[in-house]
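Enquirer: Pasting a structure here, questions to come.
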Amino acid sequence: MKEIHIARVLAGKRKEKGITQEELANYIGVSKASVSKWETGQSYPDVTFLPQLAAYFNISVDELIDYQPQMAKEDIQKLYLRLSADFCQKPFETVLAECRRIIKKYYACFPLLLQMGILLVNHLELVKDREKATSLLKETKELFRRVKEGSNEVETAKKALYMEAFCALAENDADTVLYLLEDAMEPALPPEALIAPAYQMKGQNKEAKTVLQSGIYQNLVVLFNFFPAYLLLCVDDKAKFRETLSRAENVAATFRLQQLHPGVLAPFYLNAAHGYLMQQNNDGALEMLKKYTETVTGDIYPLCLHGDDFFDLIENWLAQLDIGNALPRDEKTIRKSMANAVTENPAFAALKDDPHFLKIIAKLRNSLQQEV
């Protein structure tokens, strides 16, 4: 990866000016071969020539060098996954220091900064010191703000805005969340609804099906991002709570979410268990915790995003996501987090002496002993 693009700038500016390599060489006082090597990237001009070259083309030295450290999407994916694994295997502070070094070096590569911020957010639970965790969350929020304000890519900026709001919510700063996102609630205008028929008009039915499958898949995931929160809001209305639970479980069964995407189903069962406890319904809570445990200890590893016999055309689309079809945290970290969500959760303290709950705890802890 080249970070300094002086070769491209020199060649372009020389042609704009309408001069030959030899004429430029004579002006600077070097050989034509030297200019040729500069323009092909085989070598760089001596630093003492930079002001002279910049003045000759009436540009700044910064423009001449065009220093724009950027990282390709594939490299960002690989880096994210390596660092995610490192967080699981190495001291947190060691990996954090490397993340900060990378962020500093690629401070103008906004897609990378976005993923570095997401990486840190996804591993904040590893920071045991509350004060350090709060400081790192604030640091990460500033990173998202930089991406939001600096990126020319609309989708990158939108993701950064969402993640900035996510950090604000984690800081219990409700006003900032509403300030950032309240006006962002607009009627959904899914591009898939137009892209698919366009492909169909061209006789490209497979492409049309692929687009619609990816749209269904995305909205299914979004739906199960809504259900857990809505379920808890309905705790004070038992009929609405049961109806929400029933409808969500029917959708999950229809699309076989336990195999297709257990990562979005598990939080739903967890919140359902919490909701039942708030209603003082221990049996209902235990039933939901059992389903949660069956999901997270089932045959779902190695974890990755994938299709099935219904979503049979989305593999290439999944590969194009920011970190491909991988999940945002290392598998070992995910297993531990899934177990701790029950074993270390004070919300389930009321069940601590129940024999059924103790069996659930034992099964979750046993799952941590299995090799990833």
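The values are calculated or read from the model by the stated rules, or taken from the named source; none is laboratory data. The model shown is predicted, which means the values in this text are computed figures rather than measured ones. Because the Cβ atoms are built from the backbone with ideal geometry, glycine has one as well, and the counts that use them run over all protein chains shown.
Enquirer: Suppose we keep only residues that are β-branched (V, I, T) and more than 22 Å from E131 (Cα to Cα) within region 170-210. Which one would you say is farthest from the chain's Cα centre (by Cα)? Lay out the reasoning, then the answer.
Expert: Quick first cut of region 170-210, residues β-branched (V, I, T) only: 176-177, 195, 210.
The next check asks that each one be more than 22 Å from E131 (Cα to Cα); those that pass are 195, 210.
Working: I195: 25, T210: 22 Å.
By that ranking, first place goes to I195.
Enquirer: Taking S246 and the conditions (1) hydroxyl-bearing (S, T, Y); (2) touching a Ser or Thr at 6+ places or on another chain (Cβ under 7 Å); (3) modelled with pLDDT of 95 or more, which numbered condition does it fall short on, given that it satisfies the others?
Expert: Only one criterion in (1) hydroxyl-bearing (S, T, Y); (2) touching a Ser or Thr at 6+ places or on another chain (Cβ under 7 Å); (3) modelled with pLDDT of 95 or more is unmet by S246, namely (2).
Enquirer: Which residue pairs have Cβ atoms closer than 7 Å, lie 6 or more positions apart in sequence or on different chains, and pair a first residue in region 289-318 that is closer than 22 Å to Q204 by Cα and touching a residue at least 24 places away in the same chain (Cβ under 8 Å) with a second residue that is β-branched (V, I, T) and assigned to a helix (DSSP H, G or I)?
Expert: Once the first residue is closer than 22 Å to Q204 by Cα and touching a residue at least 24 places away in the same chain (Cβ under 8 Å) and sits in region 289-318, its partners that are β-branched (V, I, T) and assigned to a helix (DSSP H, G or I) give L313/T210; I314/T210; W317/T210.
Enquirer: Mind telling me which of the residues E142, E93, E153 ends up being of a type in the set (D, E), exposed (fewer than 14 other Cβ atoms within 10 Å of the Cβ), over 30 Å from I28 (Cβ atoms) and modelled with pLDDT under 95?
Expert: Matching residue, one of E142, E93, E153: E153.
Enquirer: Just a yes or no: is a residue in region 7-16 surrounded by 14 or more Cβ atoms within 10 Å (Cβ to Cβ), among the acidic types (D, E) and part of a helix (DSSP H, G or I)?
Expert: Within region 7-16, not a single residue is surrounded by 14 or more Cβ atoms within 10 Å (Cβ to Cβ), among the acidic types (D, E) and part of a helix (DSSP H, G or I).
Enquirer: Restricting to region 24-56, what's the tally of residues that are of a type in the set (F, W, Y) and outside any helix (DSSP H, G or I)?
Expert: Of the residues in region 24-56, 1 are of a type in the set (F, W, Y) and outside any helix (DSSP H, G or I).
Enquirer: Name the single residue, out of those in region 215-250 being of a type outside the set (V, I, T) and outside any helix (DSSP H, G or I), that is nearest to H306 (Cα to Cα).
Expert: C234
Enquirer: Identify, please: which residue in region 155-169 is closer than 21 Å to P191 by Cα and charged (D, E, K, R) and is, among those, nearest to the chain's Cα centre (by Cα)?
Expert: Looking at residues that are closer than 21 Å to P191 by Cα and charged (D, E, K, R), I get K159.
Enquirer: Continuing with the same structure: Just need a number here: residues in region 57-97 that are in a loop (DSSP other than H, G, I, E, B) and either under 18 Å from L303 (Cα atoms) or without any contact (Cβ under 8 Å) to a residue 60 or more places away in the chain (or both).
Expert: Residues flagged as in a loop (DSSP other than H, G, I, E, B) and either under 18 Å from L303 (Cα atoms) or without any contact (Cβ under 8 Å) to a residue 60 or more places away in the chain (or both) within region 57-97 amount to 6.
Enquirer: Within region 106-127, can one find any residue that is modelled with pLDDT under 95, surrounded by fewer than 21 Cβ atoms within 10 Å (Cβ to Cβ), over 19 Å from the mean Cα position of the chain (by Cα) and part of a helix (DSSP H, G or I)?
Expert: Within region 106-127 (the criterion being modelled with pLDDT under 95, surrounded by fewer than 21 Cβ atoms within 10 Å (Cβ to Cβ), over 19 Å from the mean Cα position of the chain (by Cα) and part of a helix (DSSP H, G or I)), the answer is no, since none of the residues qualifies.
Enquirer: Is there any pair with a first residue in region 115-127 that is closer than 14 Å to Y162 by Cβ and a second that is modelled with pLDDT of 95 or more and among the polar types (S, T, N, Q) whose Cβ atoms are under 6 Å apart and which are 6 or more apart or on different chains, and what are they?
Expert: G117/T140; V121/T140
Enquirer: Please enumerate the residues belonging to region 44-57 that are exposed (fewer than 12 other Cβ atoms within 10 Å of the Cβ) and either modelled with pLDDT of 95 or more or within 40 Å of the chain's Cα centre (by Cα) (or both).
Expert: V47
Enquirer: Quickly run through region 157-198 and pick out the residues that are outside any loop (DSSP other than H, G, I, E, B), exposed (fewer than 10 other Cβ atoms within 10 Å of the Cβ) and modelled with pLDDT under 95.
Expert: E182, D183
Enquirer: Can you spot a residue in region 310-326 that is in contact with a Phe, Trp or Tyr (Cβ under 9 Å, 6 or more places away or on another chain), among the β-branched types (V, I, T), modelled with pLDDT of 90 or more and more than 30 Å from A160 (Cβ to Cβ)?
Expert: no
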